[in-house]
1. Only one of these conditions is not met by Ser276: (1) at pLDDT 95 or above; (2) more than 26 Å from Met187 (Cβ to Cβ). Which number is it?
2. When region 127-140 is examined, which residues are found to be at pLDDT 95 or above and outside any helix (DSSP H, G or I)?
3. Is one or more of the residues making up region 215-233 surrounded by fewer than 21 Cβ atoms within 10 Å (Cβ to Cβ), farther than 30 Å from Pro6 by Cβ and touching a helix residue (DSSP H, G or I) at 6+ places or on another chain (Cβ under 6 Å)?
4. Looking only at region 141-187, which residues are in contact (Cβ under 8 Å) with a residue 40 or more places away in the chain, part of a loop (DSSP other than H, G, I, E, B) and in contact with a helix residue (DSSP H, G or I) (Cβ under 9 Å, 6 or more places away or on another chain)?
5. Here is a check on your reading of the model: is Met305 open to solvent by 60 Å² or more (accessible area, probe 1.4 Å), under 20 Å from the mean Cα position of the chain (by Cα) and of a type in the set (A, V, I, L, M)?
6. What tally of residues in region 271-294 results from selecting those that are in contact (Cβ under 8 Å) with a residue 60 or more places away in the chain, over 12 Å from Ala228 (Cα atoms) and open to solvent by less than 30 Å² (accessible area, probe 1.4 Å)?
7. Among all residue pairs at least 6 apart or on different chains, which show Cβ distances below 7 Å where the first residue, located in region 234-252, is of a type in the set (Asp, Glu) and the second is modelled with pLDDT of 95 or more?
8. Within region 281-321, take every residue that is among the acidic types (Asp, Glu) and not in a helix (DSSP H, G or I) and give me the one that is modelled with the lowest pLDDT.
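The values are calculated or read from the model by the stated rules, or taken from the named source; none is laboratory data. Note that the structure is a prediction, hence the values are computed from the model and not measured. Don't worry about glycine lacking a Cβ; one is built from the backbone with ideal geometry, like all the others, and counts go over all protein chains shown. Areas reflect the complete protein model, heavy atoms only, side chains present, ligands, DNA and RNA absent. Shrake-Rupley method; radii C 1.70, N 1.55, O 1.52, S 1.80 Å.
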Amino acid sequence: MNRSRPLRVGTRGSALALWQTERVRALLANHGFETERIEIKTTGDVITDVPLAQIGSRALFTKQLDDAMLDGRIDVAVHSLKDLPTALPDGIEIGAVGLREDAYDALVTRGGAQWEQLPQHAVVATSSLRRRAQLLRARSDLRIVEVRGNVDTRLAKLDRHAEWSAIILAAAGLLRLGLGNRISQRMPLDLMLPAPGQGALAATVRRDDARAREAVQRALHDPSTALAVAAERGFLRRLEGGCQVPVAALGEMIEDGGRSILRLHGRIIALAGETSVGGTMMARVDSPSAAEALGVALAEQLLPMGAAAILRSVREAAVVEAVPEP
């Protein structure tokens, strides 16, 4: 393999994105691959005053990185897997999926208050329709406000807005940034399932770039995580979901009688949390395509049980009725 030129690794410029990229670069270096970092601003980084669901793109945090890759300006792009659309641009593929950090959502409150201690009509901030819908599913009295920005920005907003009781963030991001002490509670799965791919890292490469693919496979790839997220993304793809649709899923490898089984939980929730449908499916899988088929099968099971009606109502909603951020 020709290693004369460093692999150019593209990334967003947020603290979390840079941490993730430096982690991947360190793994590549451990396997003898030289790299250089190239920072690129994405649509989601530039437009910070509009709710994610109203921007109207499924590639808010990936398009500019994709363009740079297709133009030959970068060889590898590091992503939070939950940000990747289920359909990637022609010529780009996921080269490797890294070992997953904590996949749960985290409740961050003032003084460490737990979920059960939030007062009536508490103000909870989130930029995610999935989180918003599941919060209202559990407690319709909550007042949900929109919050955008990087992890540190959102934490600062919670500290600044005395009327806010809590924000919801991915536990993985807080842990990676050394901010695990800010986690008041990991949200139970029966209350809040995570986003498909949450907590996992992905490295994308050009489909015709064997050098970059081999490098990230050797340095980063975790087969068990890859199977779990393939099932989650298959579930999401069949439902044609994205940031604009409240779809949640979590795949887990479990031992059953000495055999490794993939168990997939999935849930679809109406915007105001008034209805939801969910289920679990298990299968022994030995390839990402088989795992993806499990996700599709669970989606097919849930569609006639009410998921189709929920998705139709979500897509017909012209405006997401969220309270604007102060």
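1. Failed condition: (2).
2. Those that are at pLDDT 95 or above and outside any helix (DSSP H, G or I): Arg139, Ser140.
3. The answer is no; no qualifying residue exists.
4. Glu146, Val147, Arg148, Gly149, Asn150, Leu177, Ile183, Ser184, Met187
5. When the stated conditions are applied, Met305 does not pass them.
6. 1
7. Glu252/Ala228; Glu252/Arg263
8. Here is the first cut: in region 281-321, the residues among the acidic types (Asp, Glu) are 286, 292, 300, 316, 321.
Pick out the ones that are also not in a helix (DSSP H, G or I) and you get 286, 321.
Values: Asp286: 90, Glu321: 43.
If we take residues in region 281-321 being among the acidic types (Asp, Glu) and not in a helix (DSSP H, G or I), then Glu321 is modelled with the lowest pLDDT.
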